[in-house]
Every structure is written in structure tokens, then in C-alpha cells.
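The values are calculated or read from the model by the stated rules, or taken from the named source; none is laboratory data. These figures come from a predicted structure and were not determined experimentally. So basically every Cβ, Gly included, is an ideal-geometry build from the backbone, and we count neighbours across all protein chains shown.
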Amino acid sequence: MASKWESDEEIQYFREYLRIPSVHPNPDYEPCLDFLKRQAKQLELPLEVYYPANEQNPVVVLTWEGLEPELPSILLNSHMDVVPVFPENWTHPPFGADIDEEGRIFARGTQDMKCVGMQYLAALRALKRNGARFKRTIHISFVADEEMGGRHGMRPFVHTEDFRKLNVGFGMDEGLASPSEEFPVFYAERSVWRVYFHISGTAGHGSLLLPNTAGEKLNYIVGKMMGFRKLQVQRLQNNPELVIGDVTTINLTRVDGGVQSNVVPPLLTVCFDCRLALDVDHQEFEANLHKWCDDVGGGIEITYEQKQPRVLPTAIDDSNPFWLAFKEATDELGLSIKPEIFTGGTDSRYIRQVGIPALGFSPMNNTPVLLHDHDEFITADTYLRGVQIYQKIISNVANV
Ligand SMILES: [Zn+2]
């Protein structure tokens, strides 16, 4: 049975790409580059390699020129890197790309997101073979470092002259698998803030009742942050329409400090992972943090490990012709689409940040969500169906 899929040309390319261990913490992208260069040659498409951050982190771009190349282009983005594996927890080798009897292909990257990168190329191969041409130029980019927040990939790339020359008018990037029939489409992301409170207070002996201790202030700050958190939990509970991406999440992630168990310490540090929903006024949120510090007597310094700006969502209405073209394609294919705000972070946010509309979409329904998990897989049939879905979507958005 598996041989049916093994002999499929696109499944063979996909498995070859999956076998490249471009895995953190030290991904080597050279084998990806070699592979993509062979793909570009096979597809007869020009390929450029850019280095927006350093030599270790390439951005590869294949280009299919449109009939009206002066029009803003379509960017089909994917990342080459994958997250680490714990092979002892896998039933198949994580870079083996085994196919089982049911057609499930096991490997790191089958969902996140080597599938999507190869599906773009597979779709273009099929379209080219059918003699298709489109109005707009299509760029297919393969970036590094997404799993580390895009520091050496998309984040600097969007600010380069090379990127500006691509003249991108609309971008597509990763979404998520869906265990149901529905396909989520992501049009926005929350802003990640990692907030540290460095709390100073009166130090001294543990046998006294000194005023203004760091512990009392810590208690106050934690109480305020947890109060905010509770409101968000209630919002979610009271409105079944809302999903996690619609609300602000706050979690206490680190507490540091103390000298020894009978000493009141001069400094305690607490860190919160905050994901600010789209309805949050950033200035107001920050002002609140400072107000709470003042209210409890000051002596608290706030620092940020990350503080992402507010990025406007991509319009999913008549004002965005690319959305209409996307929606028309999925409607025609009879797919059930659910627009959502992404819970985590992807490279889409950097594309949106420079004013380009972008959608996150991975055509994997009826598939358990296994990104970053053990035994990550996609079925060969789901993969090949996704190639057909992209053919329709790409044809539509490239002809806007
Ligand atoms: Zn990803």
C-alpha cells in the first residue's frame, strides 16, 4: 500500500526535504540550499540567496515572473528550520520520513512547516506543466531562524533593500493543522511582551516585621497581574464566540531572588509572559504596570525581554482583494474556513508590520495538531490534497 505513495514524485521530493536535519539549536542550512537549488533548476525558476543577518542564516527566494511584473507580487513564505527532537520518544526516526501502511509520513517538519514549503513548489510544478501564467510575479521564500523568533531571518529581511525590490503586495505563511473538517486561516497575531519586575525592598533579618519588603511588593504585583489574568479567563468563559487568540494571556513564568532562608532579600525578580490581544491599548497597559509599581511604594524597575509593537490585522473583508481571491478559491473547493487570530507567533507578523497583508494557512484538516511534538506526521493524501488546494489559491491571488 505504502508503495502507492512512495512512487509519487511530489511525495519523493517532500521526503527528501524532510530528511535534511535543519534542526535547532545549530541548524546547518547548506543541504537545504543544495536541495532548493536543484528544485529551482527542475522548475526552471531563477533563485536568489540573501543573507539579511549573517552567513549562517540564508533566505532563499525562487521567482516565477508574472505577465505584469510591475504589479505588486505574491510572497509564499515558509521556514526551513525545525525544533529539536527527543528521538527516544518517537516511534519512527525523526529525520527518516518513514511512511506507514496508512500513508502517514513521520518526520520533524511534516506539519511545521516543510510540508507547506514543498506544497508551494509542488503546486507551481503542476501549474507550470499545465501551461499556466499569472498576472503577478510569485516569489517563494525559504527563511531561516523562524523557530527562534526570526531574529536572523524574516525579522531583519523585511527591512532590507532586497526585500523591498521583491515588491510584495500579499503574503502567505504557515497556519496550523486542524483536527476537524474546518481549516483555520490566521489574519492577525497578538503582541508578545516578556515583562520583568525587578523589585527592591527593605532587607534585613527574617525575625522582624520590616516595612516595604520586596516580598510584600511582589505579592501586590503578582496579585494585580493575576487579577488581569482572571478577567481574561472570565471573558473567555462568558463568550463562547471567543477563542484564546482573542484575549490577552498572562502567565507568571519566572521568580528569582533571595539570599538565604532567614534573610529578607533586597531584591526579587518576577517575569510574566504576556500576549496582548488586538483590543489592548499598549500605552495604557504599560502605564498600568508603572502605576502598580508606584502604588506599592516604588523601588521597582521594569524591563522587557520582548516588547512587540501592535501590528494591524490583515483585513478579511471587501477592502482586501487578496482575501476575496483566497476566499473565492476555498469556497469553490468547498472548504470550510475559519478566520482566527494566531495564538503563538510566526513570521507573518514581520510581513504585516511593514504594511503587507498576510494570511497564515496550512492546508491540513482532519489531522491532529503535532507541531513541536513527538511523532509529528501528515498523511500523504492530506499532503497531496493540500497541493491541489494551493494550485487554486495561488492561481486566484496571483491573478488579482
Ligand atoms: Zn512554523
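Take the residues in segment 315-348 that are part of a loop (DSSP other than H, G, I, E, B) and within 16 Å of the ligand (Cβ to nearest atom); name whichever of them is modelled with the lowest pLDDT.
Start the filter on segment 315-348 by keeping residues that are part of a loop (DSSP other than H, G, I, E, B), which leaves 315-320, 333-336, 343-347.
Retained after the next criterion (residues that are within 16 Å of the ligand (Cβ to nearest atom)): 343-347.
Values: T343: 88, G344: 85, G345: 88, T346: 94, D347: 97.
The residue in question is G344.
When the residues of segment 260-278 are filtered to those that are assigned to a loop (DSSP other than H, G, I, E, B) and in contact (Cβ under 8 Å) with a residue 12 or more places away in the chain, which remaining residue is farthest from I341 (Cα to Cα)? Outline the logic, then answer.
Of segment 260-278, the ones assigned to a loop (DSSP other than H, G, I, E, B) are 260-262, 265-266, 277-278.
Those still in the list that are in contact (Cβ under 8 Å) with a residue 12 or more places away in the chain too: 261-262, 265-266, 277-278.
Details: S261: 45, N262: 47, P265: 42, P266: 41, A277: 9, L278: 9 Å.
Among residues in segment 260-278 that are assigned to a loop (DSSP other than H, G, I, E, B) and in contact (Cβ under 8 Å) with a residue 12 or more places away in the chain, the one farthest from I341 (Cα to Cα) is N262.
If I go through segment 188-211 residue by residue, how many of them are within 30 Å of T248 (Cβ to Cβ) and in contact with a Ser or Thr (Cβ under 6 Å, 6 or more places away or on another chain)? Walk me through it before giving the result.
Start the filter on segment 188-211 by keeping residues that are within 30 Å of T248 (Cβ to Cβ), which leaves 188-201.
After this cut, where a residue has to be in contact with a Ser or Thr (Cβ under 6 Å, 6 or more places away or on another chain) as well, the list is 196, 198, 201.
Of the residues in that region, 3 qualify.
May I ask you to list the residues in segment 358-379 that are within 12 Å of the ligand (Cβ to nearest atom) and among the charged types (D, E, K, R)?
Listed by number, the list holds a single entry, E376.
Among P27, P31, P58, which is within 19 Å of T160 (Cβ to Cβ) and in the same structural domain as T160 (by TED's automatic domain parsing)? Step through it out loud before you land on a result.
Numbers: P27 fails: within 19 Å of T160 (Cβ to Cβ); P31 fails: within 19 Å of T160 (Cβ to Cβ).
Sole residue among the options that is within 19 Å of T160 (Cβ to Cβ) and in the same structural domain as T160 (by TED's automatic domain parsing): P58.
Residue check: is N57 in contact with a Ser or Thr (Cβ under 7 Å, 6 or more places away or on another chain) and within 16 Å of the ligand (Cβ to nearest atom)? Even if it seems obvious, please write down each step before you answer.
On the way: in contact with a Ser or Thr (Cβ under 7 Å, 6 or more places away or on another chain): no; within 16 Å of the ligand (Cβ to nearest atom): yes.
Taking the combined requirement at face value, the residue does not satisfy it.
Could you tell me which residue of segment 137-149 is farthest from the ligand (Cβ to nearest atom), considering only residues that are at pLDDT 95 or above and assigned to a loop (DSSP other than H, G, I, E, B)?
Checking each candidate, the answer is T137.
Before we move on, is E48 modelled with pLDDT under 95 and at negative phi? Walk me through it before giving the result.
Details: modelled with pLDDT under 95: no; at negative phi: yes.
Answer is no for this residue.
Rundown of residues vs (1) modelled with pLDDT of 95 or more; (2) under 29 Å from E65 (Cα atoms); (3) within 14 Å of the ligand (Cβ to nearest atom); (4) more than 21 Å from the chain's Cα centre (by Cα), yes/no style:
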{"site": "I99", "(1), (2), (3), (4)": "yes, no, no, yes"}
{"site": "Q111", "(1), (2), (3), (4)": "yes, yes, yes, no"}
{"site": "N130", "(1), (2), (3), (4)": "yes, yes, no, yes"}
{"site": "K135", "(1), (2), (3), (4)": "yes, yes, no, yes"}
{"site": "V158", "(1), (2), (3), (4)": "yes, yes, no, no"}
{"site": "V168", "(1), (2), (3), (4)": "yes, yes, no, no"}
{"site": "S178", "(1), (2), (3), (4)": "yes, no, no, no"}
{"site": "A188", "(1), (2), (3), (4)": "yes, yes, no, no"}
